[in-house]
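The values are calculated or read from the model by the stated rules, or taken from the named source; none is laboratory data. Computed from a predicted structure; not experimentally measured. Glycine gets a Cβ as well: all are built from the backbone with ideal geometry, and neighbour counts include every protein chain shown.
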Amino acid sequence: MVYKFSNMKYVPLLVFQLILMILYFIFVRYGGDKHHDIRGFEDTHVMIFIGFGFLMTFLKKYCYSALGFNWFLAALVVQWALLCQSFYHMEDNIIYITKKSLLEADIMSATVLITFGALLGVASGTQLLFIAIIETAIACLNMWLVSNVFKAADVGGSIAIHTFGAYFGLGVSWALRPRKATPTDSTPSVDLNGPSYTSDVTAMIGSIFLWIYWPSFNSGLTNSNAEYQRAIINTYLSLAAATVTTFVLSSSVSKHAGKLDMVHIQNSTLAGGVAVGSVCNMHISAGGAIAIGIGAGILSVLGYTFLTPKLTNFGIIDTCGVNNLHGMPGILSGLLSILFAALATSHGYGKELEGIFEEMKQDGTGRSSGNQALYQLLALAVTLGISIVGGIITGALAKMPVFVPLKDTEKYDDEVNWELP
């Protein structure tokens, strides 16, 4: 019976796939040539399936799962997210799918993969897939609130994608925290929660792909050529500054006489792309983009060095340190969006004002800059609240035996899910 159950544990996902197929037959139609020239889809696709996948291969005996479940989760979530996001924008009960729809679904899948990073090695495959389905529905609701109710500026998704994904993951992690060990508990003979020389090298492949394509991720949903180019420039400069800062600071805080920590190099170098995301299309100046990158690099490296161990002591496992790469830099970006919204004027932005801040009108009839800043704050606060509470509830549900939680001896080990050579 156990053998049969093990063989059938992913079958409910095939049922879910068939349900998706039926829903697509009923509700989805092609959108013609609308948005056929949208930018950033192919590059974002590379980030999702290669960048995120290889970044999470740093664990010494979890590379199969990092790459395999990343692929599995993303392929499932892209289909589900397209429906969930488009539900709020149906025309006569029909969803018209375009290249922009696919890009938005790809971006939404990043939310789930960020959460996956927090839970890497500590959640079973069936738990991860259940969490992904629930999280996608909640994240799409939050995205609708941020974009359509609060009409907050968040072109790079630092609020609705990075912040949400990180703190949803930490909420799930807290809910999944193990009970206190007892003398009868078995413990792994080898600690698998760590890298090998080879696994760290493969993880760098993911980091470099993400670094290269991040400007496309942040700029894909911009509304004008000038806005698009500004987003590219600001993201690239912020990433470059974060990288230099990360190398310098990593050596400075190292416990081993000025040596570099590969954890910082793999992750904190990317923090500039997150921190500039919500404001990358705004007039922040090239120097401002570099300053944001420097700040993000410092915040991320210090987070890995000092904050992650404290979270672990509280029972919150954050395997990839998503709080330091996505969470805190995402909050920083949200706070910066409040600042730059408060400083925005029709004189400074001209005709671009309405493209960046939808409710601020050039003729002064829409929201004031102060009101827009307030809505930016509200979007950030609501995102934090929904993600944390939603993560805790989802994590509590995922602990049910039907989702086959991992034993302590099974964590961070590919052998649980894969036939190994």
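Among the residues of the range 86-98, not a single one is under 27 Å from G321 (Cα atoms), touching a Ser or Thr at 6+ places or on another chain (Cβ under 9 Å) and touching a residue at least 12 places away in the same chain (Cβ under 8 Å). Restricting attention to the range 217-232, the residues that are assigned to a helix (DSSP H, G or I), out of contact with any Ser or Thr (no Cβ under 6 Å at 6 or more places or on another chain) and within 13 Å of G156 (Cα to Cα) total 3. Look at the range 114-131: where a residue is on the phi > 0 side of the Ramachandran plot and a partner is outside any helix (DSSP H, G or I) and aromatic (F, W, Y), sitting 6+ places away or on another chain with Cβ atoms under 8 Å, you get G121/Y62; G121/Y412.
The set of residues in the range 222-239 that are surrounded by fewer than 21 Cβ atoms within 10 Å (Cβ to Cβ) and of a type in the set (A, V, I, L, M, F, W, C) comprises A226, I232, I233. Of the helices (runs of 4 or more DSSP H) lying entirely inside the range 300-364, those carrying at least 1 residues that are charged (D, E, K, R) and either more than 30 Å from L59 (Cα to Cα) or modelled with pLDDT of 95 or more (or both) are 308-313, 353-356. Against the conditions (1) within 30 Å of F25 (Cβ to Cβ); (2) touching a helix residue (DSSP H, G or I) at 6+ places or on another chain (Cβ under 8 Å); (3) not small (G, A, S), E91 satisfies every one except (2).
The residues of the range 273-287 that are assigned to a helix (DSSP H, G or I), surrounded by fewer than 24 Cβ atoms within 10 Å (Cβ to Cβ) and touching a residue at least 12 places away in the same chain (Cβ under 8 Å) amount to a single one, A286. Within the range 174-221, if we keep just the residues that are modelled with pLDDT under 95 and of a type in the set (D, E), the residue that is surrounded by the fewest Cβ atoms within 10 Å (Cβ to Cβ) turns out to be D191. If the condition is being at pLDDT 95 or above, crowded, with 16+ Cβ neighbours inside 10 Å and among the charged types (D, E, K, R), then the range 11-54 contributes only D43. Residue count for the range 293-313, restricted to those that are over 19 Å from T163 (Cβ atoms) and touching a residue at least 60 places away in the same chain (Cβ under 8 Å): 0.
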